[in-house]
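Participant: What follows is a structure written as structure tokens; I'll ask about it next.
Each reported figure results from applying straightforward, stated rules to the coordinates on display, with no laboratory input. Just so we're clear, the structure is a prediction, and the values are computed from it rather than from any experiment. Glycine also receives a Cβ, built like all others from the backbone with ideal geometry; neighbour counts cover every protein chain displayed.
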Amino acid sequence: MEDTIAAIGTPLGEGGIGVIRISGPQAQNVLEEVFEPGGDGGSLTGRRLMYGRIIDKDHNHIIDECMAVFMKGPKTYTAEDTAEISCHGSMVSLQNALQLVLRKGARLAEPGEFTKRAFLNGRIDLSQAEAVIDVVKAKTDRSFDVAISQLQGGLSLKVSEIRTMLLDLLVDITVNIDYPDEDIEEITYEKMEDNIVLISEKISGLQETAHTGRMLREGLRVVITGRPNVGKSSLMNALLRENRAIVTEIPGTTRDTIEESVSIRNIPIHLIDTAGIHETEDVVEKMGIERSKDAFNHADYIILVLDASEELTEEDRMLMSYIGGRNSLVLMNKQDLGMKLDPEEIRAALPSCRLLPASIKNGTGLDELEDEIESLVYGSNSPREDHVMVNNVRHIHLLEQASEDLKRSLQMIRRAEPLDFIEVDVRSAYDALGEIIGETVSDDILNEVFSRFCLGK
Ligand SMILES: Nc1nc2c(ncn2[C@@H]2O[C@H](COP(=O)(O)OP(=O)(O)OP(=O)(O)O)[C@@H](O)[C@H]2O)c(=O)[nH]1
Ligand SMILES: [Mg+2]
């Protein structure tokens, strides 16, 4: 962290303004080298935004007009001295300004390096640093709220509470191991058991939010499947609320998969309309069908659309057998034309699958479909107001590890095994939770975490 780093912090493209960030011990120097105050001049200290120009003084070349600010650490994003230059949002201006900044002593920042420094300098913990990327990438209001809460330390607080309880217990155990003869309160197996049961419950409480948390963060791949002409593209358009896919009465209209992202009930959904699956000799259609099958295999949730005005066909039956036990729903569409399907036959083929009558033409059944997606994400709980959720695979894995450690220690306590053995597992649980907030974490993991960031964050 001896280096001074710099990067463009705004997206590449055209915009009103674009920002270059500089962080590190040389931030002020570098800024002074490239910036010339305009108007009546002034000094760059004092966190005041100043108007001026970026100038390549070696060649007396004006790069752009800009606003610049210098902020002395540690009250900055990285907790280091930081400078920011707001140029016009032109790629030419930003690239040239960045090149100049790099020539004057800064080095190009790696992805996530600003946030990594904020972590390494102790301004935020690791779970907060990870939340930064979730905030940037959040696709719905709800996922944004969860990320912001984590950024503000919501998850860290809960994890730290549990760690404090574990630490108290560890201290009790260690004292009893090290000074068995002293006149200290002896720890009983009963007391240890009570404590660990309580701590395990707290960990499970967090684990229970993981299913919802992950789906809100990563979104859900929903694939619409069915034989030709049943109304798949009509459903896609209805859910997107726009005429994205071509709909005609001709079977085989959709030839390629069509993918769109949409927010349904504040859940980020990646919606995929597919070519109707059936036997065909048409080369293009065949390729489309291969893609349909591929999408089908990578779905989190499958909506099988059937034409309710006709009896089940062989193709429908084949699709039902493909679905098997996967997360899915059957939409019995075209109810406006009457109902010829036998729900019992569908239920027999897909016992755990929800059956919904619908008429996309008349707009019926769609609310229920959205209800179903919502309950898939939230489970039996109604959408909770509590924003503290575990949503990150790394955290989920560490919670599992801690919970397994405690389970093992509980078994040993119940068998009244020696304290040394019990201590090992309790400590391991304590360390696993420490990894969530980055108290005990290896460089490899840190690099892995920050490599997922975008440049300039
Ligand atoms: N009566 C009625 N017609 C519908 C309904 N939903 C869709 N359709 C009609 O069914 C026809 C086929 O609809 P699409 O949405 O193109 O069907 P698809 O499943 O995407 O068909 P392919 O792309 O060929 O596989 C169109 O003429 C739609 O207007 C419905 O609820 N009722
Ligand atoms: Mg279609």
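Participant: Restricting to the chain, compute how many DSSP beta bridges are antiparallel as a %, nearest 5.
Facilitator: 60 percent
Participant: Something else about it: Nearest 0.05, what FRET efficiency do LEU108 and THR253 give at R0 = 56 Å with Cβ-Cβ as r?
Facilitator: Given R0 = 56 Å and the Cβ-Cβ separation, E is 0.70.
Participant: Here is a follow-up. Can you compute the radius of gyration and Dmax for the stretch 35-173, using only the Cα atoms, both in Å?
Facilitator: Rg, Dmax (Cα atoms, Å): 20.4, 70.
Participant: Within a 10 angstrom radius of the beta carbon, how do ASP431, ASP425, ASP58 rank from fewest other beta carbons to most?
Facilitator: Result, fewest neighbours first: ASP58, ASP431, ASP425.
Participant: Further, regarding this structure: Could you rank the peptides 172-180, 262-270 by their average count of other C-beta atoms within 10 Å per residue, with the highest value first?
Facilitator: 262-270, 172-180
Participant: Over the chain, what is the relative contact order in percent, taking alpha-carbon pairs closer than 8 angstrom and at least six residues apart?
Facilitator: 16 percent
Participant: If you wrap the stretch 1-46's Cα atoms in a convex hull and average its projection over all directions, what's the area in nm²?
Facilitator: It is 4.6 nm².
Participant: Let me ask something else about it. Name all residues of the stretch 82-114 having a backbone nitrogen under 16 Å from the label point set 7 Å from the Cα of TYR51 along its Cα→Cβ direction, giving them as ranges.
Facilitator: Inside the label zone: 86-88.
Participant: Taking only Cα atoms of the stretch 145-193, what ratio of Rg to Rh do you get with Rh as the Kirkwood inverse-distance radius?
Facilitator: 1.27
Participant: Looking at the stretch 128-212, which GluC sites (Glu not before Pro) are DSSP coil and have at most 11 other C-beta atoms within 10 Å of their C-beta?
Facilitator: GLU182, GLU185, GLU186
Participant: Given just the C-alpha atoms of the stretch 5-109, how large is their convex hull per residue in cubic angstrom?
Facilitator: Residue-normalised Cα hull volume stands at 89 Å³.
Participant: Using every Cα-Cα pair within the stretch 220-378, state what percent have a distance larger than 18 Å.
Facilitator: 55 percent
Participant: Please identify every one of the GluC sites (Glu not before Pro) in the stretch 1-42 that sits in a loop by DSSP and has no more than 13 other beta carbons within 10 Å of its own beta carbon.
Facilitator: Filter output for the stretch 1-42: GLU2, GLU14.
Participant: Under 19 Å from the Cα of LYS137, which aspartates and glutamates turn up, not counting those fewer than eight places away in the same chain?
Facilitator: Within the straight-line limit of under 19 Å, LYS137 reaches these aspartates and glutamates: GLU110, GLU113, ASP145, GLU218, GLU259, GLU260, GLU448.
Participant: In addition: At 7 Å along Cα-to-Cβ for each site, give me the label-to-label distance between HIS59 and GLU32 in nm.
Facilitator: 2.5 nm
Participant: Tell me, what is the FRET efficiency for GLU311 and LYS286 to the nearest 0.05, using R0 = 25 angstrom and their Cβ-Cβ distance as r?
Facilitator: 0.45
Participant: With contacts defined as alpha carbon pairs under 8 Å and 6 or more residues apart, what's the relative contact order of the stretch 220-378 in percent?
Facilitator: 23 percent
Participant: List the GluC sites (Glu not before Pro) within the stretch 219-309 that DSSP assigns to loop and that have no more than 13 neighbouring Cβ atoms inside 10 Å.
Facilitator: When the GluC sites (Glu not before Pro) of the stretch 219-309 are filtered for loop state and at most 13 Cβ neighbours within 10 Å, GLU242, GLU249, GLU279, GLU281 remain.
Participant: Next question. Contour minus end-to-end for ARG265 and ARG414, with contour as 0.36 nm per residue of separation and end-to-end as the Cα-Cα distance?
Facilitator: Here the answer is 49.0 nm.
Participant: While we're here: Pull out a ≥ b ≥ c, the square roots of the eigenvalues of the alpha-carbon gyration tensor of the chain, then state rounded if a/c is under 1.5, prolate if not and a/b is larger than b/c, and oblate in the remaining case.
Facilitator: The shape class here is oblate.
Participant: While we're here: In the stretch 220-378, what percentage of the DSSP-assigned beta bridges are antiparallel, given to the nearest 5?
Facilitator: Taking every DSSP beta bridge with both residues in the stretch 220-378, the antiparallel ones total about 30 percent.
Participant: How high is the FRET efficiency between LYS361 and LEU12 when r is their beta carbon distance and R₀ equals 41 Å, given to the nearest 0.05?
Facilitator: 0.40
Participant: If we count every other residue with Cβ under 12 angstrom of ASP405's Cβ, Lys/Arg +1 and Asp/Glu -1, where does the sum land?
Facilitator: Residues near ASP405 contribute -2 overall.
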